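Data block below; observations after.
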Amino acid sequence: MKNLICIVCPIGCSLEVGEEASPENLSVTGNNCRRGADYALEEIRSPKRTVTATALIEADIKSIRRVPVKTSTPCPREKISALLDDVYKLKVPLPVKTGDVLIKNWNGEGIDIIAARSLCL
């Protein structure tokens, strides 16, 4: 039995996930909606997270050296460290606009790294 707090909506249901006969047959209780059950099953089977970080900019601006970035879709939790390694190696040319794709389809995962702020010279 595993206990989780649902983060899909503001209610924050207390979920209990239990294995019936095998890990493929999980039961979820405590959810007030179907989205809570879906969240719990995904969190147990394949947890993912939206990743936020900062990337270095190429230009030499004394007051600003990094631009905030984020993933376009959640990343499998076991791959976050490798994704961050690539983000921290990145050097972003200016100007950059919010939503610009800085890394397209990272490692074939369907995850884009996008700028979360506009910066110009």
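The values are calculated or read from the model by the stated rules, or taken from the named source; none is laboratory data. Owing to the predicted nature of the structure, the values given are computational and were not obtained by experimental measurement. Heads up, the Cβs are rebuilt from the backbone with ideal geometry, glycines too, and the neighbour counts pull from every protein chain shown. When the accessible area is computed, the model is the full protein with side chains, heavy atoms only, and any ligands, DNA or RNA have been set aside. Shrake-Rupley method; radii C 1.70, N 1.55, O 1.52, S 1.80 Å.
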Taking LEU121 as the residue in question, decide whether it is more than 30 Å from LYS2 (Cα to Cα), touching a Leu at 6+ places or on another chain (Cβ under 6 Å) and of a type outside the set (D, E, K, R).
yes
Please verify whether the stretch 19-36 includes one or more residues that are over 17 Å from ARG117 (Cα atoms), among the β-branched types (Val, Ile, Thr) and in contact (Cβ under 8 Å) with a residue 24 or more places away in the chain.
no
Within the stretch 38-77, how many residues turn out to be in a loop (DSSP other than H, G, I, E, B) and either of a type in the set (Val, Ile, Thr) or open to solvent by less than 70 Å² (accessible area, probe 1.4 Å) (or both)?
10
When you look at ILE80, is it open to solvent by less than 70 Å² (accessible area, probe 1.4 Å), in a loop (DSSP other than H, G, I, E, B) and touching a residue at least 12 places away in the same chain (Cβ under 8 Å), yes or no?
no
Matching residues, the stretch 48-70, being within 16 Å of SER118 (Cα to Cα) and under 8 Å from the mean Cα position of the chain (by Cα)
THR52, LYS70
Does any residue in the stretch 5-16 that is over 19 Å from PRO74 (Cβ atoms) come within less than 7 Å, Cβ to Cβ, of a residue that is open to solvent by 60 Å² or more (accessible area, probe 1.4 Å) and hydroxyl-bearing (Ser, Thr, Tyr) six or more places away or on a different chain, and which pairs are these?
GLU16/THR29
Failed item, numbered, when PRO93 is tested on (1) open to solvent by 30 Å² or more (accessible area, probe 1.4 Å); (2) closer than 30 Å to MET1 by Cα; (3) more than 15 Å from the chain's Cα centre (by Cα)
(2)
